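Working notes, structure below.
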Amino acid sequence: MIEVDNLTVRYGGVTSLDGMTLSFEKGTCGLIGPNGAGKTTFFNVLSGFVRPASGTVRAFGTDLLGLPHFRRARWGVRRTFQTEQAIEQLSVYDNVAMMASSLRGGARRADVLAAIEFAGIGASSYAPVGTLGAGQRRLVEVARAVAGQPRLILLDEPAAGLPDEETAHLAAVIKAIPGQTGALTILVDHDMSLVSAVCETTAVLDFGKLIAVGPTAAVLRDEHVMRAYLGTAEV
């Protein structure tokens, strides 16, 4: 569903992504690595915020890098960020409806309400986002990502700072996204229990280089991965 070939990003003399080549076929996939490894840079390339020095990205057969960023949104790229993007003064419904602008009338309303129900926010659709707790606000971000017929959903550390109970609910929602929407979902997170619970395939970046990719359990047992990221070579 997504094929990345020789993707390279440079900021001055710093190479943030160095010849990254991988493919993710379906479901929910993980992308992990130490801080500064290039994970958010990769998301920025897919979103259209960063132009790579070289390489190609094809998603569902489409040359993603050939689309301007606003067309990528219409095509079906959705993104959450490490910092919350929902507008506190607007209701849950209005925040989610912003992402379903390609739909009209009753179809749009049904899509928005379905996304809110799917996320399990546990608050009125018309409650201002600013009145919600941190976990509920994260779920609003997820509802925004699944609205409007997405094809590629990028989740950037959605569980950061959440307690275990809220992380468990978030994990169940993320794991169900491909079945709900048909979208390929890529998760970046430092919580290895979350990655293990929801990701069928995981890739690992270190200093901009891809050092491992494969079934999640096998990748997390890889000695190179543990030395680079988990801080130990013990299995």
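Annotations
- Residues being touching a helix residue (DSSP H, G or I) at 6+ places or on another chain (Cβ under 7 Å), among the hydrophobic types (A, V, I, L, M, F, W, C) and not in a helix (DSSP H, G or I) - total across segment 50-87: 6
- Among the candidates Gln85, Gln89, residue that is within 18 Å of the chain's Cα centre (by Cα) and of a type outside the set (A, V, I, L, M): Gln85
- Considering each residue of segment 88-102 in turn, none proves to be part of a strand (DSSP E or B), among the hydrophobic types (A, V, I, L, M, F, W, C), at pLDDT 95 or above and out of contact with any Lys or Arg (no Cβ under 6 Å at 6 or more places or on another chain).
- Residues in segment 27-58 that are closer than 22 Å to Asp222 by Cβ and among the basic types (Lys, Arg): Lys39 only.
- Beta carbons closer than 6 Å, at least 6 apart along the sequence or on distinct chains, pair a first residue in segment 206-218 that is over 18 Å from Met20 (Cα atoms) with a second that is among the β-branched types (Val, Ile, Thr) and at pLDDT 95 or above for Thr216/Thr202.
- Among the numbered conditions (1) in contact with a strand residue (DSSP E or B) (Cβ under 9 Å, 6 or more places away or on another chain); (2) over 17 Å from Leu184 (Cα atoms); (3) exposed (fewer than 15 other Cβ atoms within 10 Å of the Cβ), the only one that Ser23 does not meet is (2).
- Of all positions in segment 176-184, at least one carries a residue that is touching a Cys at 6+ places or on another chain (Cβ under 9 Å) and either without any contact (Cβ under 8 Å) to a residue 24 or more places away in the chain or buried (at least 20 other Cβ atoms within 10 Å of the Cβ) (or both).
Conditions tested, residue by residue: (1) small (Gly, Ala, Ser); (2) farther than 20 Å from Val45 by Cα; (3) in contact with a Ser or Thr (Cβ under 6 Å, 6 or more places away or on another chain); (4) loosely packed, with under 15 Cβ neighbours inside 10 Å.
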| residue | (1), (2), (3), (4) |
| --- | --- |
| Ala59 | yes, no, no, no |
| Pro68 | no, no, no, yes |
| Arg79 | no, no, yes, no |
| Gln89 | no, yes, no, yes |
| Ala97 | yes, yes, no, no |
| Ser101 | yes, yes, no, yes |
| Arg108 | no, yes, no, no |
| Asp111 | no, yes, no, no |
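- Subset tally (residues that are of a type outside the set (S, T, N, Q) and not in a loop (DSSP other than H, G, I, E, B)) for segment 114-137: 12
- Test for Asp94: is it among the acidic types (Asp, Glu) and free of Cβ contacts under 8 Å to residues at least 40 places away in the same chain: yes
- Scanning segment 190-207 for residues that are crowded, with 17+ Cβ neighbours inside 10 Å and touching a Cys at 6+ places or on another chain (Cβ under 9 Å) returns Cys199, Thr201, Thr202, Ala203.
- In the condition set (1) buried (at least 17 other Cβ atoms within 10 Å of the Cβ); (2) closer than 22 Å to Asn44 by Cβ; (3) of a type in the set (Asp, Glu), Asp63 is compliant with all but (1).
The values are calculated or read from the model by the stated rules, or taken from the named source; none is laboratory data. These numbers come from a predicted model, not from an experiment. Using ideal geometry, Cβ is built from the backbone for each residue, glycine included, and neighbour counts are taken over all protein chains shown.
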